[in-house]
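First comes the structure, then the notes that go with it.
The values are calculated or read from the model by the stated rules, or taken from the named source; none is laboratory data. As the structure is a prediction and not an experimental result, all values here were calculated from the model. Cβ sites come from the backbone with ideal geometry, for glycine too, and all protein chains shown count toward neighbours.
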Amino acid sequence: MKLVIAIVHDEDSHQLIEKLTEADFSVTKLASTGGFLKSGNTTLLIGVQKEKVSEVIKIIKKVCKTRKQITTTTPMIGDNSNYIPIPIEVIVGGATIFVVDIERFEKI
Amino acid sequence: MKLVIAIVHDEDSHQLIEKLTEADFSVTKLASTGGFLKSGNTTLLIGVQKEKVSEVIKIIKKVCKTRKQITTTTPMIGDNSNYIPIPIEVIVGGATIFVVDIERFEKI
Amino acid sequence: MKLVIAIVHDEDSHQLIEKLTEADFSVTKLASTGGFLKSGNTTLLIGVQKEKVSEVIKIIKKVCKTRKQITTTTPMIGDNSNYIPIPIEVIVGGATIFVVDIERFEKI
Ligand code: NI
Ligand code: NI
Ligand code: NI
């Protein structure tokens, strides 16, 4: 057995848990927050048979892949009758994955 | 040294921490929630000497064993002067336990 | 790769994350609370190359070392016009550190 510890962005965690559960993996969600000046990370624990680790990682990569998102700027406070929103690209997604060996596993 | 990662139900966590502490084990409680559509799990980290792992697991099994609980149905809103509560059985308890090898342990 | 799991006191966690980040380590902060009758612990996950483990532990020891702090007693409610605060020593700091081997590490 292996333990997959996945640190993902909050906005991806719901869909990731759904996809992993559909694929019959058992997921525990820990409340977490990012490090200094970062926020919004979720840590998931997934206990999995050795030969299924790659499948789990594949699902995480698919759901959490970094991608560009188009967002638009919002006007400052004040007169913005002539405001033209400017589309800007932001990077979202990403994940950190640790795979650790489990010496003993019990489900009661 | 081994690290026991125990994911237990919230309702068992208080008693489990108490029993483990009484048996001289040091427990760290992480805030956690269950996976998709599940809720109310707590994750505990217990650092323990190799030869004590079975003792820890025995305590977890004792406190968190799945058991049937009799609960009674509650009446719907409205006139329930003739309501007869029906006893129903629910399964409570259960735990997932991962034991991981610790390569280095420091307490400062 | 190694995973350093550090359980530190809340009051040290901000400075520790800052110091580790400055030293180019990537830190994930998990929300956590202490065991029975204890409170205010934070768990940090730090993924790190094998040869950097000692550097991480050195930083943790420096920031989280147990030390005496002088605090003063505060008066009870009521007439305290003659109250003389008494300086008392309290022990703060401390940490529990687990180092675990990572079999596979992915950053996406
Ligand atoms: Ni990120
Ligand atoms: Ni359960
Ligand atoms: Ni302490």
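Brief remarks follow.
- Contacts under 7 angstrom Cβ, first residue in region B:80-104 being buried (at least 16 other Cβ atoms within 10 Å of the Cβ), partner among the hydroxyl-bearing types (Ser, Thr, Tyr), 6 or more apart: B:93/B:66; B:94/B:66
- Region A:81-108 - residue that is in contact with a helix residue (DSSP H, G or I) (Cβ under 8 Å, 6 or more places away or on another chain) and within 23 Å of residue A:58 (Cα to Cα) and, of those, farthest from ligand 1 (Cβ to nearest atom): A:99
- Number of positions in region A:64-85 that are outside any strand (DSSP E or B), modelled with pLDDT under 80 and touching a strand residue (DSSP E or B) at 6+ places or on another chain (Cβ under 7 Å): 2
- Yes/no for residue B:100 being part of a strand (DSSP E or B), among the β-branched types (Val, Ile, Thr) and at pLDDT 95 or above: yes
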